[in-house]
Amino acid sequence: MSKRWVYGPSSALGSEKIDVAQLLDEYGPVRPDFMDKTGFHTLFATSSDVTGLDLGAEAAAALDQSWWGDVVDGLVYVSSTSTLTAPGNAHLLQARLGLGKEIFVLDINDACTGFVRALAVVDAIIEAGLARTVMLVAADAYTKLYAPSELKVSPLFSDGASAF
């Protein structure tokens, strides 16, 4: 395997801040020392009209386009809260970012380990010669999946994206 250079990262978070302590007070209780053990004190949510794809586009656009605009020839989009079930979302992000129509695009539907798996996939794409410069975007909008009262999951997930 040859060397890989990584540029970025950038991120985007939902604009609405949710205080986890307030959430637990309103719907709790949960396990003792939940906040100390998880470290989660603030969650970030999007409004109903903002998707993970929107956050992914925001995170990607925050990267310095002066270096990637003309060289990105691959795009991998990772999400488990995709806007479209089929045919996927990478092509939507490709269009929003103004990337070439002939680049390699791939959707990965994965949650917790999606970013790590996508790194391996991006490496394989480059190693196989399918692309030389791949943008990786991971984005999710989990607050739309779980009611705040579902304390087994709601205090663990925010809406956010990263790109590099």
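Within the group Ser48, Ser15, Ser66, which residue is open to solvent by 80 Å² or more (accessible area, probe 1.4 Å) and over 28 Å from Pro155 (Cα atoms)?
Within the list Ser48, Ser15, Ser66, the selection yields Ser66.
Of the residues in the range 73-95, how many are touching a residue at least 40 places away in the same chain (Cβ under 8 Å) and open to solvent by 20 Å² or more (accessible area, probe 1.4 Å)?
Adding up the residues that qualify gives 3.
Within the range 146-164, work out how many residues are surrounded by 14 or more Cβ atoms within 10 Å (Cβ to Cβ), in contact (Cβ under 8 Å) with a residue 24 or more places away in the chain and either in contact with a helix residue (DSSP H, G or I) (Cβ under 6 Å, 6 or more places away or on another chain) or under 30 Å from Tyr27 (Cβ atoms) (or both).
12
It is to be established whether one or more residues within the range 87-97 are more than 23 Å from Ala131 (Cβ to Cβ) and modelled with pLDDT of 90 or more.
Checking the range 87-97: not a single residue is more than 23 Å from Ala131 (Cβ to Cβ) and modelled with pLDDT of 90 or more.
Could you list all residues from the range 96-133 that are assigned to a loop (DSSP other than H, G, I, E, B), surrounded by 17 or more Cβ atoms within 10 Å (Cβ to Cβ) and of a type in the set (Gly, Ala, Ser)?
Within the range 96-133, Ala131 is the sole residue that qualifies.
Which residues, taken from the range 134-160, are among the polar types (S, T, N, Q), outside any loop (DSSP other than H, G, I, E, B) and within 14 Å of the chain's Cα centre (by Cα)?
Across the range 134-160, the qualifying residue is only Thr143.
Please enumerate the residues belonging to the range 27-71 that are modelled with pLDDT under 95, within 25 Å of Ala124 (Cβ to Cβ) and touching a strand residue (DSSP E or B) at 6+ places or on another chain (Cβ under 8 Å).
Leu63, Trp68
The values are calculated or read from the model by the stated rules, or taken from the named source; none is laboratory data. Since the structure is predicted, the reported quantities are computational estimates derived from the model, not experimental observations. With ideal geometry, Cβ positions are generated from the backbone for all residues, glycine too; neighbour counts draw on all protein chains shown. These accessible areas exclude ligands, DNA and RNA; they are computed on the full protein's heavy atoms, side chains included. Shrake-Rupley method; radii C 1.70, N 1.55, O 1.52, S 1.80 Å.
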